[in-house]
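Notes follow once the structure below has been shown.
What follows is calculated from the coordinates using simple rules that are stated; it is not laboratory data. Keep in mind that what you see is a predicted model, and the values were worked out from it rather than measured. Cβ coordinates were reconstructed from backbone atoms using ideal geometry, including for glycine residues, and neighbour counts include every protein chain displayed.
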Amino acid sequence: MSSHEATKSLKKTAAKKALAPKAGADGDPTPAQKAAFAKAMYEGVKPGIKTARKIAQEKSDKAKSDAEKPVQKVEILRKIAAPATPVETPDTKRALQLAADIEKATQDGDFERFQPEAQQALIGALCRLYSANNDMGNHFGAVGQRSAVTATDVMVLCGALLKAVDLQVFELGLWQSWSSR
Amino acid sequence: MAEQFVCKSSEFKNGERQIIRIGEEEIGVFKHEDEYFAYSNFCLHQGGPACEGLTIARVEEHLRADKTSMGLSFSEKDMNFVCPWHGYEYDMRTGAHVADPKVRLRKYDIVKKGDDIYVVA
Ligand code: FES
């Protein structure tokens, strides 16, 4: 047999071995294979063997890729400022205190604590102050957020204010539409 | 769930809000009277930006001893926030809808570490 033929036959045998059924005739593992499997399961992966090295490598690769993963970032979409708080000038403080006292008197049903002249003076002064601010371009709501003024309260006072200066509602409407307010 | 740094508490004023995104989630972070609250920014009504509307004190009715009303007024301590789309109103402390407490916005825990504020999401 030439050396070429010898190599050929060796290759054939190796291929036959590789293709040989590893399980029993019906496809089930042989008792020897079963025993080997059970033994392997019992012993686990022995350190130093090829499988152990492969597992260790996989673990370290995973740890590396986890470390490289971008940390979920907090993205600030919007910042919403706190509602404006009144600038604490001494006069503002006094006015706020007076408003709180009036509110308290109303809640307590003590409607005579502030005599009509005092109420008229306050309403008149505030009316002029609000209007002057408005003309200056300082636009703000007539009633702040923390107030429990009802729609009826507003209608009563608006009606009384119009009557005080001898205006009709339609005149108010006309003025609003002409001046686009 | 992990703690996500939001900001320094010294940079977050009372009454302020921050709308943040963490992954897929949009969250509203509130600071109210030195306490922090965080809720999902998706309104339970129709998905509006629940945390971006008005903050408004709860309306309370005070009664006299004989149960006659002294009228409505705003609470000194309880705060609500209102979805700007159709007005669903939620309790700042719990995220519960004021009319139906079974309806609640998803709440996120807040962790304070020194001056740092974290949202758990
Ligand atoms: S979507 Fe918020 S109230 Fe309708």
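Worth pointing out:
- Taking a Cβ cut-off of under 12 Å around residue A:118, the surrounding Lys, Arg, Asp and Glu residues balance to a net charge of -2, with basic ones at +1 and acidic ones at -1.
- Charge tally for residue A:57 (other residues, Cβ to Cβ under 12 Å; Lys, Arg +1; Asp, Glu -1): +4.
- Packing-based order for B:10-20, B:108-118, using average beta carbon neighbours within 10 Å, highest first: B:10-20, B:108-118
- When the chymotrypsin sites (Phe, Trp or Tyr not before Pro) in region A:78-177 are filtered for DSSP coil states and for at most 16 other beta-carbon atoms within 10 Å of their beta-carbon, the remaining sites are A:111, A:114, A:140.
- Pairs from the list A:79/B:107; A:73/B:77; A:163/B:67; B:67/B:107; A:104/B:102; A:93/A:163 with a Cα-Cα gap above 27 Å: A:73/B:77; A:163/B:67; B:67/B:107; A:104/B:102; A:93/A:163.
- Peptide A:104-111 has a mean shielding of 2, counted as Cβ atoms of other protein chains within 10 Å of each residue's Cβ.
- The mean number of Cβ atoms from other chains found within 10 Å of a Cβ in peptide B:14-23 is 5, as a whole number.
- Residue mean of other protein chain beta carbons inside 10 Å, B:68-76: 3
- Rg/Rh (Cα only; Kirkwood hydrodynamic radius) as it applies to the protein assembly as shown: 1.38
- Solitary cysteines of the protein assembly as shown, where the nearest other Cys Cβ is not under 4.7 Å: A:127, A:158, B:7, B:51
- Summed side-chain charge close to residue B:116 - residues other than residue B:116 whose Cβ falls under 13 Å, Lys, Arg +1, Asp, Glu -1: 0
- The distance separating the Cα centre of region B:31-53 from that of region A:157-175 comes to 42 Å.
- Working ranking of peptides A:56-62, B:101-107 by packing, defined as the average number of other Cβ atoms within 10 Å per residue, highest first, is B:101-107, A:56-62.
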